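Here is the structure we will look at.
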Amino acid sequence: MLLDRRLFLLASPFALAGCATTREPMTSRVLPPAMDPHYLRMYAAITDEPFPVPAVDLTQIDPRFLRQEVAYPTRYQPGTIVVDPNERFAYLVMANGRALRYGVGVGREEGFNFRGEGVVARKASWPGWTPTPAMIAREPERYGPYAGGLPGGPTNPLGPRALYLYKDGRDTYYRLHGTTEPWTIGTQVSSGCVRFINQDIIDLYRRVPTGTRVIVLPATGVPVG
């Protein structure tokens, strides 16, 4: 009987561990995004594009700015894109009070940001980029060398996809696009366009057709905290 008791006590930790595993599988535990297989797949490298899209270093991005489905009661119809510059989120409205939420980077100053309603009148894969005259006038040393335009590719600041925002049939010169600087998502850094993680703008590009309604809310000036 004593030997049997010793064997039981020695085996108990393993037996208890087996019970714990049954009740709470490893996959059900909350992992940091940098280790979570769901996010690792979402932001993995993309190799079937004309140019490679590198994997995202998730340790450089606040987890709240990673793509996720959220509750989002709104009066806007499903399929509408709503950009909230103050919170640094873009929402693709879904049915039943839900939305797909993306973290974004917005203009350094509120005056740079588009406000109001527009439509996605054009979509482009690996778009070329030309700085606007206002951008060149504001920062000639930075943007002047690109006055003639920059072809699409891995160093292009628009990234792998761009959605072109028009209002009343005219180009606003504001874009929803990717970025070569994913660590800037969630900040105010751009010249007014709305930048996404490259994997996220590819995802949004696939989901929305031309003619999609886009609402850009006014920023309140309250910093994200």
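Suppose accessible area is computed on protein heavy atoms with a 1.4 Å probe; arrange Glu141, Glu49, Glu87 from highest to lowest. Walk me through the numbers on the way to the answer.
On the way: Glu141 175, Glu49 35, Glu87 80 Å².
Solvent-accessible surface, decreasing: Glu141, Glu87, Glu49.
So, counting K/R as plus one and D/E as minus one, what does the shell of residues with Cβ under 14 Å around Gln77 add up to?
Working: positive: Arg75, Arg98, Arg213; negative: Glu117.
Local net charge: +2.
Hey, quick one: spin label on Gln77, modelled 7 Å out along Cα-Cβ, who in region 168-211 has an amide N within reach, i.e. under 19 Å?
Once the point is set 7 Å along Cα→Cβ of Gln77, 168-169, 207-211 turn out to lie under 19 Å by backbone N, inside region 168-211.
Just to be sure I understand the model, the point goes 7 Å from the Cα along the line to the Cβ. What's the resulting Gln68 to Phe51 distance in nm?
3.1 nm
Dividing the alpha-carbon Rg of region 45-144 by 2.2 N^0.38 Å yields what?
1.32
Any idea which of Ala137, Tyr164, Gly103 is furthest toward the positive side of the dipole for region 58-202, if Lys and Arg beta-carbons carry +1 and Asp and Glu beta-carbons -1?
Tyr164
Throw me the Rg/Rh for region 100-173, computed over C-alpha atoms with Kirkwood Rh, two decimals.
Value, to two decimals: 0.96.
The values are calculated or read from the model by the stated rules, or taken from the named source; none is laboratory data. Given the structure is predicted, the values throughout are model-derived calculations rather than measurements. Every residue, glycine as well, gets a Cβ built from its backbone with ideal geometry; the counts of neighbours run over all protein chains shown. Note: accessible area is taken over every heavy atom of the protein model, side chains too, but ligands, DNA and RNA are not part of it. Shrake-Rupley method; radii C 1.70, N 1.55, O 1.52, S 1.80 Å.
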